[in-house]
Amino acid sequence: MKSGNYTYIILTMLISFMGVSQEKEYTGDPDASFLVARTLAYNNKRAVARDTLKKILTKYPTYTDVQNLLAKTLTWDKKYDEARLHYNTIITREKDNEEVWVAAINNEFYSKNYNTALGLSNKGLHYLKGNENLIMLRNKAIANINTIKKKEVNNEELKNGISFSKNVDFFNKVYDPMYYASLSYKRATKYGAIIPQINYSNRFDVNGLQFQLDAYPKISKTLYAYASYAFSNSSIYPNHKIDVEIHTSSLPFSLEASLGIRYFQFTPNETVILTGSVGWYTGNYYLSWRPYVNPNSGGSISFSNNFSIRKYLKDKYNYLSLSFGFGFSPETTQLRENNVLLSESLFYLESQNILLGYNFTLKNSSNLFTTTFGVTRQELIFNPGNFYLAISGGLSYQFKW
C-alpha cells in the first residue's frame, strides 16, 4: 500500500474520533479538525476536507480560517460561485483580512471576471490602504480589462466577414436526416451592418436554395432595427419571408427589449407571427425571453416561447449559451405526408426544444467559431398527439478582416 493511502486512512480515523464524520452535531476540537482538513485539502482530498470544514462551521460559523479554506477548495475545484458566497460572508464581518481579500480577488481572476476583480481590489484598498498585494492585483485586473477592450476594438474595426455554417438533424422515426448550410458576407458600415446570404437545404430528398438579405440599421445610440427579406423558388422554403424588428437598449436596470413581426408566404397560403424580446444583463450573464404569437386562419391564437441564457467568458465574443422553447408554432419546414410534399399547408404543432451553444475565438485571432447541439420533440403532422425526437448539431466559422 502506498504511503499516501496510509496517510488518508489515518486522517479519516482522526476525523471520526474528533466527532466530525459520524455525528450529526459537531462536538470535536475545531482547531485539531481544521489542521486535519487542511492536510487533506493540500493532499487533493478536497471533498473530504470540505465535509470536515462544513461540520466545524455548523458549531463555529465565524471561524474565519475554516471558512476561508473551504472557499479556497471550492476555487480550486472551479466552483467559483459557491466560493464567492463564502468570501463575501467573511469580508462582510472582517474588512481588514488581507488573506481573504487576496483569495476572493483571485477567485474572480480564475473565473475571468476581471471587472469584478477590479471592483474587489478597489474595495479592499479602501480598508487596507496602500496594501501592495491588493495594488498588484488591481493593476493586474486593469491590464486584463484593457487587453480585452483592445481586442474588442480591433474586432469592431474589422469591416468585413465571411461566414460558413453547416447543420444536420437526425430523427428517431419517419424522417431521414436533413442537412443545412449557409454562406454569408457581412459588411459593417456607419449606418449598420448589411449581410447577403445564401441558404441551402437537403430535406425529403429535395435540394433547395434560399437567397436572403439582412440589415441592422442604426437609428440612434440606443435604438437599432433588424430587417430581413428572403426569397426561394424551392418547395422546401417559403417563397417569401420578411422579418422586421426594432430593438432598444436604453431601459433601466440593464434591460433591453424589442418588438417585431415575421411574415411567411407559401403559395397560396401565408402566416404572420408577432414577436418581441426582453433581455437582462447581470454580471457575466445575459437572460432573455422571446414569445411568439401566431394568429391563425381559424380565428384562434397560438403561443410559443423561447428562453435563453448566455454566460460570457473573456469577452462578448466568447460565451456559452443555453436556450429552450415550448408551445404551439407554425410548421414551416414543409414536411411530407404520404409521400406528398406539404408545400401548400401550414400546421400549428406542439413542440419543445433545447439547444446548447459555444461561441469562441482562438488565441490572438478575431475569427469566430460557433458549435451547437440540440434536441427537439415535436408533434407529427399526420398523427396529432404522437411525437418524434430530433437531434441536431452544427458548426459555423466566420473569417473577419
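Sorting the segments 223-236, 32-45 by their residues' average number of neighbouring beta-carbon atoms within 10 angstrom, most packed first, yields 32-45, 223-236. Per-residue accessible area (protein heavy atoms, 1.4 Å probe) orders TYR237, TYR191 as TYR191, TYR237, starting from the largest. Computed from the C-beta positions of ASN207 and ASN284 and an R0 of 30 Å, the FRET efficiency is 0.10 to the nearest 0.05. Sequence-distant contacts, meaning Cα pairs under 8 Å at least 6 residues apart, place the relative contact order of the stretch 132-284 at 11 percent.
In straight-distance terms, cross-link reach from LYS150 covers every one of the aspartates and glutamates whose alpha-carbon lies under 17 Å from its own, apart from those fewer than eight places away in the same chain; here that gives ASP315. The spread of Cα positions in the stretch 212-327, taken along each principal axis and listed from longest to shortest, comes to 48, 29, 25 Å.
In the context of the full protein assembly, PHE324 retains an accessible surface of approximately 80 Å², using a probe radius of 1.4 Å and ignoring ligands and nucleic acids.
Assuming a ≥ b ≥ c are the square roots of the Cα gyration tensor eigenvalues, decide whether the stretch 143-224 counts as rounded (a/c under 1.5), prolate (otherwise, with a/b larger than b/c) or oblate. Judged from the Cα gyration tensor, the stretch 143-224 comes out prolate (a/c at least 1.5, a/b above b/c).
LYS149: which lysines have alpha carbons under 16 Å from its alpha carbon, excluding same-chain residues fewer than 8 sequence positions away? Filter leaves LYS112, LYS140, LYS314, LYS316, LYS363. The local environment of LEU118, defined by Cβ-Cβ distances under 10 Å, has a net charge of +2 under the rule Lys, Arg +1 and Asp, Glu -1.
Candidate cross-link partners of LYS59 among the lysines, defined by an alpha-carbon separation under 19 Å and a same-chain spacing of 8 or more, comprise LYS24.
Within the assembled protein chains, the solvent-accessible surface assigned to TRP401 is about 120 Å², based on a 1.4 Å probe. Only protein heavy atoms count here; on that basis, with a 1.4 Å probe, LEU137 has an accessible area of about 10 Å².
Take the stretch 117-187 with all the other protein chains still there, run a 1.4 Å probe, and you get 60 Å² of accessible area per residue.
When the residues LYS363, LYS112 are ordered by accessible surface, computed with a 1.4 Å probe over the protein chains alone, the sequence from largest down reads LYS363, LYS112.
The stretch 36-179 has equivalent-ellipsoid semi-axes of 39, 28, 11 Å, by the square roots of 5 times the alpha carbon gyration tensor eigenvalues, sorted largest first. Largest accessible area first, the residues THR73, THR58, THR222 order themselves as THR58, THR222, THR73 under a 1.4 Å probe with ligands, DNA and RNA left out. Each Lys or Arg adds one and each Asp or Glu subtracts one; over the other residues with Cβ under 12 Å from the Cβ of TYR185, this totals +3.
Computed from phi, the 3J(HN,Hα) profile of the stretch 246-251 under the Karplus parametrisation 6.51, -1.76, 1.60 (θ = phi - 60°) reads 10, 10, 10, 10, 9, 7 Hz, with x in place of Gly and Pro.
Among the protein heavy atoms of the stretch 61-220, carbon and sulfur supply 55% of the accessible surface, probe 1.4 Å, non-protein parts ignored. Apolar share of the accessible surface for the stretch 233-302: 64 percent from carbon plus sulfur atoms, 1.4 Å probe.
Near TRP76, within a Cβ-to-Cβ distance under 11 Å, what is the net charge of the other residues, with Lys and Arg +1 and Asp and Glu -1? Spelling it out: positives minus negatives among the neighbours equals +4.
The values are calculated or read from the model by the stated rules, or taken from the named source; none is laboratory data. All of these numbers come straight from a predicted model, not from anything done at the bench. Backbone-built Cβ (ideal geometry, glycine too); neighbour counts: all protein chains shown. We work out accessible area using only protein heavy atoms, side chains counted, and drop any ligands, DNA or RNA first. Shrake-Rupley method; radii C 1.70, N 1.55, O 1.52, S 1.80 Å.
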